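Enquirer: Please read through the structure below; I'll follow up with questions.
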Amino acid sequence: MSQTREIPSEELRSALQQMLPPDHRRVVSLTRVPSAHAATSALEELDLVFNDGNHLRLMFKDLSHNMWPEGDIADPEWDPAREIKMYQQVLGRVNLGTPQFYGGVAGDERGRCWLFVEEVQGRRLDRVKDIGAWTAAARWLATLHCRLQALLPQVQKDVGLPVYDGEYFRRLVARALEHMRRVRGCDDQIVNLFETLADRCNGPLGELTHLARTLIHGDFHSRNIIVGAAAGALRICVIDWEKAAEAPGLLDLATLVSKSRTREEGLALALAYYDEMKSNAPRYLARPEFFRLLEICRLWVHLRRMTSHERWLTKESWLKESVGEIQQLCAQ
């Protein structure tokens, strides 16, 4: 874990004042509270008070130093400036309800990678039982994938996203095996089973390389989706864009479906996404092919777990379930 630098409040206030529009009010005070939702980067809730007495509440994310929680495996493709560039260059242009961007530093001579966005009011999707909110998130995802596919060349130029191609998938399988051997040893029964499956994973994963790529969120879990309200309507607000990538959109959907509470709910999410895609892109996949490829994407979900969290490798029941499902998917 990298050592974080204590940031003086005056340095933070001065940076914010420079990022706000020139005709904006003057920041006279700043209150900071560490956020309970911090994951791989320091996260704070800010309350700005201006000289006219008005307040503005923001989230401040310091991406200058990665802070992989104990038990997490560092992501070799992590770029501290990527999320800032996503807000600066992409998300503000497409009007999809993501947090409003107030400013950022995407790496300067002092090594600062800072992000300031709206503090969104609402509930995380994983705490919402209403299936309507979940299917709304699936439809939102389809809209994102449709809109951003046409903008992908410009997004690559502005942001520089990792590309999930055949080489990426082969590296992912190799990393999963490497981490399993490191954590569990080469004589472990589950490791030995996965060794027989590793090469076979590349076949079905290779089918995903034939799909059109778009911009994906890369970590479309329910905890990264805030359900709020905007002008009386449901607002789906997606946060944490640090794993954005150029890849088949079905990978995002597979991540969301993996967190559904029942098989029926998972099916409802898939159908909501499919119907929205078809309405936006009539030549999209036929339904049987859509479901077949979505099933293959479960391979990626399991491999990502196995290469992101050591606890997934040490907890026998979790790893057995993942390797067992991989075995079934490879057999199909």
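The values are calculated or read from the model by the stated rules, or taken from the named source; none is laboratory data. Bear in mind that the values here come from a model prediction, so they are computed numbers and not experimental data. Backbone-built Cβ (ideal geometry, glycine too); neighbour counts: all protein chains shown. These area figures cover heavy atoms from the full protein model, side chains too; ligands, DNA and RNA do not enter into them. Shrake-Rupley method; radii C 1.70, N 1.55, O 1.52, S 1.80 Å.
Enquirer: Be a star and scan the range 25-57 for residues whose amide nitrogen sits under 13 Å from the point 7 Å along the Cα-to-Cβ vector of Met19.
Expert: 43-48, 57
Enquirer: Let me ask another. Using the heavy atoms of the protein chains and a 1.4 angstrom probe, tell me the accessible area per residue for the range 188-332 in square angstrom.
Expert: Working: 6330 Å² over 145 residues.
Per-residue value: 44 Å².
Enquirer: Then there's this: Just to check I understand the Karplus step: with θ = phi - 60° and J = 6.51 cos²θ - 1.76 cosθ + 1.60, what whole-Hz values come out for the range 251-257, glycine and proline as x?
Expert: 5, 4, 4, 4, 5, 5, 4
Enquirer: Hey, another quick one. Compute, for the range 237-304, the length of the dipole vector about the Cα centre, with Cβ point charges of +1 (Lys, Arg) and -1 (Asp, Glu) only. Units Debye, rounded to 20.
Expert: Details: 10 positive and 10 negative charges, 45 e Å.
Roughly 220 debye, rounded to the nearest 20.
Enquirer: Also: Can you give the Rg and Dmax of the range 160-209 based on its C-alpha atoms, in angstrom?
Expert: Rg then Dmax for the range 160-209, in Å: 12.4, 40.
Enquirer: Cα-Cα pairs above 25 Å in the range 189-332: how many percent? Present the calculation step by step, with values, prior to reporting the outcome.
Expert: Numbers: 3369 of 10296 pairs.
Looking at the range 189-332, the distances longer than 25 Å represent 33 percent of pairs.
Enquirer: Would you calculate the separation in nanometres between label points at Arg170 and Asp72, each defined as 7 Å from the Cα along the Cα-to-beta-carbon direction?
Expert: 3.0 nm
Enquirer: Could I ask something else about it? For labels at Ile190 and Leu271 in the simple 7 Å Cα→Cβ model, what's the distance in nm?
Expert: Going by the 7 Å Cα→Cβ label model, 3.4 nm.
Enquirer: Continuing with the same structure: With each label point set 7 Å from Cα along the Cα-Cβ vector, what nm distance links Glu109 and Ser29?
Expert: 3.5 nm
Enquirer: Which entries in Lys129/Lys243; Lys129/Lys157; Lys157/Lys315; Lys61/Lys278; Lys61/Lys320 show an alpha-carbon gap greater than 32 Å? Display every interim value, and only then the final one.
Expert: Working: Lys129/Lys243 26 Å; Lys129/Lys157 39 Å; Lys157/Lys315 41 Å; Lys61/Lys278 36 Å; Lys61/Lys320 36 Å.
From Lys129/Lys243; Lys129/Lys157; Lys157/Lys315; Lys61/Lys278; Lys61/Lys320, over 32 Å: Lys129/Lys157; Lys157/Lys315; Lys61/Lys278; Lys61/Lys320.
Enquirer: Sticking with this structure for a sec: When the Karplus curve 6.51 cos²θ - 1.76 cosθ + 1.60 is applied with θ = phi - 60°, which whole-Hz ³J(HN,Hα) does each residue of the range 205-214 get, with x for Gly and Pro?
Expert: Once θ is set to phi - 60°, the couplings for the range 205-214 become 4, x, 5, 5, 6, 8, 7, 5, 9, 9 Hz.
Enquirer: Starting from 0.36 nm per residue, how many nanometres of slack lie between Lys129 and Val49 once their C-alpha separation is accounted for? Could you put the intermediate results ahead of the total?
Expert: Numbers: separation 80, 0.36 × 80 = 28.80 nm, distance 3.61 nm.
That pair, Lys129 and Val49, stretches by 25.2 nm at full extension.
Enquirer: I've got another one for you. In deg cm²/dmol and to the nearest 500, what is the mean residue ellipticity at 222 nm of the chain if only DSSP H runs of at least 4 residues count, each as -39500 (n - 2.57), divided by the residue total? It would help to have the intermediate numbers written out before the result.
Expert: Numbers: 10 runs with 150 residues, N = 332.
That calculation yields -15000 deg cm²/dmol at 222 nm.
Enquirer: Output ³J(HN,Hα) for the range 224-231: one whole-Hz value per residue in order, computed from phi by the Karplus curve 6.51 cos²θ - 1.76 cosθ + 1.60 with θ = phi - 60°, and x for Gly and Pro.
Expert: These are the phi-based 3J(HN,Hα) values: 9, 10, 9, 9, x, 10, 9, 6 Hz.
Enquirer: Starting from the range 65-131, pick out the trypsin sites (Lys or Arg not before Pro) whose DSSP state is loop and whose Cβ has at most 15 other Cβ atoms within 10 Å. Write out the running numbers ahead of the final one.
Expert: Numbers: sites: Arg82, Lys85, Arg93, Arg110, Arg112, Arg123, Arg124, Arg127, Lys129; in loops: Arg110, Arg112, Lys129.
Qualifying residues, ordered by number: Arg110, Lys129.
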